[in-house]
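Chemist: The structure's right below; bear with me while I get my questions together.
The values are calculated or read from the model by the stated rules, or taken from the named source; none is laboratory data. These numbers come from a predicted model, not from an experiment. Every residue, glycine among them, receives a Cβ derived from its backbone with ideal geometry; neighbour counts consider all protein chains shown. Side chains included, ligands, DNA and RNA excluded: accessible areas come from the protein's heavy atoms. Shrake-Rupley method; radii C 1.70, N 1.55, O 1.52, S 1.80 Å.
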Amino acid sequence: MKYEITRQEGPRVEAVGAHSGYRVRLSTVAHSPVAMWPVSVHVRGSESEDEVAVDVPTCHHASMSAALDFGYDCAVLWIDALNDRLSRY
């Protein structure tokens, strides 16, 4: 499993996952009256570091799980690109 849904308060859903030593936090809505599920993505390298927002392209997702999957995939790309840049120095 790439991520696990950890909290659902009202319409908001949060999920937490991990990739390459980074914590990934995803957020979207559980039920969308307009059939759009926006997603926000944040990553952090360790608990002592601040979370960093990942820029995610604006897309229309078919469901909550599609939005979370897309957000996780964006986080993986961001983390892999960061690790690639860091390995060059």
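Chemist: Would you mind telling me which numbered condition in (1) open to solvent by less than 40 Å² (accessible area, probe 1.4 Å); (2) under 20 Å from S20 (Cβ atoms); (3) part of a loop (DSSP other than H, G, I, E, B) V76 fails?
Modeler: Unmet for V76, out of (1) open to solvent by less than 40 Å² (accessible area, probe 1.4 Å); (2) under 20 Å from S20 (Cβ atoms); (3) part of a loop (DSSP other than H, G, I, E, B): (3).
Chemist: Go through (1) under 13 Å from the mean Cα position of the chain (by Cα); (2) open to solvent by 60 Å² or more (accessible area, probe 1.4 Å); (3) of a type in the set (D, E, K, R) one by one and return the number of the condition E14 breaks.
Modeler: (2)
Chemist: Related question: Select from the range 25-43 the residues that are in a loop (DSSP other than H, G, I, E, B) and under 9 Å from the mean Cα position of the chain (by Cα) and list them in ascending order.
Modeler: Within the range 25-43, V39 is the sole residue that qualifies.
Chemist: Testing E14 on (1) closer than 18 Å to N83 by Cα; (2) outside any loop (DSSP other than H, G, I, E, B); (3) not aromatic (F, W, Y), one condition comes back false. Which one is that?
Modeler: Here E14 meets the rest and fails (1).
Chemist: Return the residue satisfying two criteria in turn: it lies in the range 34-67 and is touching a Lys or Arg at 6+ places or on another chain (Cβ under 9 Å) and among the hydrophobic types (A, V, I, L, M, F, W, C), and of such residues it is most open to solvent (accessible area, probe 1.4 Å).
Modeler: It comes out as V52.
Chemist: Scan V16, V43 and give me the residue that is aliphatic (A, V, I, L, M) and touching a helix residue (DSSP H, G or I) at 6+ places or on another chain (Cβ under 8 Å).
Modeler: Going through V16, V43 in turn, the sole match is V43.
Chemist: Considering each residue of the range 16-48, count those that are of a type in the set (A, V, I, L, M) and over 17 Å from A62 (Cβ atoms), and give that number.
Modeler: Residues that pass the stated criteria total 5.
Chemist: Looking only at the range 1-43, count every residue that is closer than 13 Å to D73 by Cα and aromatic (F, W, Y) and tell me the total.
Modeler: 1
Chemist: Select from the range 49-89 the residues that are in contact (Cβ under 8 Å) with a residue 40 or more places away in the chain and of a type in the set (D, E) and write down the one among them that is farthest from S27 (Cα to Cα).
Modeler: Only one residue fits best here, namely D80.
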